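**Q** Okay, here's the structure, questions in a sec.
What follows is calculated from the coordinates using simple rules that are stated; it is not laboratory data. Values in this document were obtained by computation on a predicted structure and should not be read as measured data. Every residue, glycine as well, gets a Cβ built from its backbone with ideal geometry; the counts of neighbours run over all protein chains shown.
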Amino acid sequence: MRQRQILEQQYQKEAQRRHEREECQLMYANDLNVPEENELSKQHQKHEQFLRMQAEIRELEQHDSSIVTPDTTSTMKEKRAIQERQRLLELENERRERRELEKMRREDFYYVERILQAKAKAKEEEEKREKSRKLQKNPLEEQQKKIARMRLLDEEKRIAERETNGMRLEDLLGRQRRFCEMEKVKEQVQNEWREMKTMRTEEHECRSRWMLWDRALVQQQQEELKQQRAEARRLRRQQQREENEMKAAWVESWDHDGNKYYYNSISGVSQWEAPF
């Protein structure tokens, strides 16, 4: 089946090329701007002219080699002149050939462009006629196809809207889920912050109480130390006063024999030695 299609395509292309070639030949024959002379005849004439000039040159060379005259210098000059004319003629022929080839190329482009335009116009007209024939032939079928296309487009539109709504719903659910997660995280952070603040407040209060307790303890110790120092001073003063009183209570006395002794009026102690 595939080979058959390829062969049919090749046959159609070959038929199309044959048709284009026939159109080119027909337009070439009908075109007024085409020169009357044929290109092959021109090339044949140029070749014959070139051959004649070569024959003349060979005859001159043979004549110069067979006959040696005093006019050899003039013969050589004529030979050079013929060669120069031949060279100029060849150059002129080459330029003419290039001009003719350029002209033919432009004419070919012109014909090809005209053929392509005519084919495009004919194809467009054929499509229009085919479309109008189809519309005139099967209006009910075209209407049914149009309705089917519209139904298909509506179905595709509904499917696209359904998918879009589903994606929007999924996006909304995802946003709500992320919002709930963010709220949970926010509440957790707030709870941690409150707990940290409570702990810091309790720590501050404990530190404040301990500082007050330390201050009160230091004050109490200072007061106790002051009291101890005051009590010690009082005891020292009392002891010194008692000592002074004891010292002041010693008096000298004499017994019946006239011996001196010392008597303490407070304690009632008596002794022979001096207390101080």
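**Q** Gap in Å between the Cα centre of region 218-257 and the Cα centre of region 185-201?
**A** 66
**Q** Could I ask something else about it? Give the calculated FRET efficiency between Glu243 and Gln220 to the nearest 0.05, with a Förster radius of 30 Å applied to their Cβ-Cβ distance.
**A** So the FRET efficiency works out to roughly 0.35.
**Q** Another question about this same structure. Which FRET efficiency value, to the nearest 0.05, do you get for Arg178 and Arg209 by plugging their Cβ-Cβ distance into 1/(1 + (r/R0)^6) with R0 = 45 Å?
**A** That gives a FRET efficiency of 0.45.
**Q** Can you give me the long-range amide H partners of Val269? Hydrogens built in the peptide plane at 1.01 Å from N, cutoff under 5 Å, separation of 5 or more residues or another chain.
**A** Asn264
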